[in-house]
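Everything below concerns the one structure shown next.
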Amino acid sequence: MTPRFHDRLAAGISIALLLALAAGTYFLAQTSLRDEGPAAARLLTHDPDYFVEDLVFTRINNHGAPVFRVSANRMVHYPDDESSDFEQPVMMSLDPEKPRVTVRADRGSTSADGAETVLTGNVVLVRDADAGEPRMTIRTESATVYSETEIARTDLPVRIERGDSVLTGVGMEFNNAARSLRVDSRVQLTWQPPPPTR
């Protein structure tokens, strides 16, 4: 073989390798473009991307003081709308200036920013006793809690126990910030006077 033949052979092999590399790159680019549609569609489905068990997290105010705590047996997060589902959630206010309020339920679902939480199944809201105010317990099957405004609402039947008195009705708004309670309809009250002071 002559040196000229070797040069032509080396050039031919180099060109063949470059053509193979270009074809491979084109094939990968086309495959990537075809996969964008299904991949984007997968991102929009309501499938969980992670879960956490036995979680506790605390919200703090602008001064760094804890104001709200949420715990749950299990949390599942969904990337399409950034929402989360909870099993056995417990929400608790931590403002030392107000009576403690605790809300429990079988299940919960919260929005991406955590400002709105829908609780379902055996919802129980308890406001601790305070000076001049007895303990209050509210029971219903579903309620929406707005953590920013400290409001809980439901359209379903409620049972409210305040001391020894019992109030039932349909639809309710409990505003912890304003310390007010409204029952919308079918209100029935069994009132027990407080024991006399000595």
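Worth a mention:
- Of all residues making up the range 115-138, the number that are open to solvent by 30 Å² or more (accessible area, probe 1.4 Å) and not hydrophobic (A, V, I, L, M, F, W, C): 9
- Count of residues meeting criterion [in a strand (DSSP E or B) and either acidic (Asp, Glu) or open to solvent by 70 Å² or more (accessible area, probe 1.4 Å) (or both)] in the range 97-114: 2
- Qualifying position, being under 21 Å from Arg104 (Cβ atoms) and outside any loop (DSSP other than H, G, I, E, B), among Arg182, Arg186, Arg139: Arg139
- In this entry, Glu141 is excluded by the filter for residues that are on the phi > 0 side of the Ramachandran plot and open to solvent by 40 Å² or more (accessible area, probe 1.4 Å).
- Meets criteria (open to solvent by 30 Å² or more (accessible area, probe 1.4 Å), assigned to a loop (DSSP other than H, G, I, E, B) and of a type in the set (S, T, N, Q)) for Thr149: yes
- Residue within the range 59-71 that is among the small types (Gly, Ala, Ser) and at pLDDT 85 or above present: yes
- Just one of (1) touching a residue at least 12 places away in the same chain (Cβ under 8 Å); (2) farther than 16 Å from Arg69 by Cα fails for Ala131. It is (1).
- Restricting attention to the range 62-81, the residues being in contact with a Leu (Cβ under 9 Å, 6 or more places away or on another chain) and part of a loop (DSSP other than H, G, I, E, B) number 3.
- Any hit, the range 71-89, residues being closer than 22 Å to Thr149 by Cα, in contact with a strand residue (DSSP E or B) (Cβ under 8 Å, 6 or more places away or on another chain) and β-branched (Val, Ile, Thr): no
- Residues satisfying the stated conditions in the range 71-91, i.e. of a type outside the set (Phe, Trp, Tyr), open to solvent by less than 30 Å² (accessible area, probe 1.4 Å) and either at positive phi or touching a residue at least 24 places away in the same chain (Cβ under 8 Å) (or both): Ala72, Met75, Val76, His77, Ser83, Ser84, Pro89, Met91
- Any hit, the range 153-163, residues being farther than 24 Å from Ser84 by Cβ and at pLDDT below 90: yes
- Looking only at residues of the range 174-188 that are under 29 Å from Thr58 (Cα atoms) and crowded, with 16+ Cβ neighbours inside 10 Å, we find that the one that is farthest from the chain's Cα centre (by Cα) is Leu181.
The values are calculated or read from the model by the stated rules, or taken from the named source; none is laboratory data. Everything quoted here is computed from the prediction, not taken from an experiment. We place every Cβ from the backbone using ideal geometry, glycine too, and count neighbours over all the protein chains shown. Areas reflect the complete protein model, heavy atoms only, side chains present, ligands, DNA and RNA absent. Shrake-Rupley method; radii C 1.70, N 1.55, O 1.52, S 1.80 Å.
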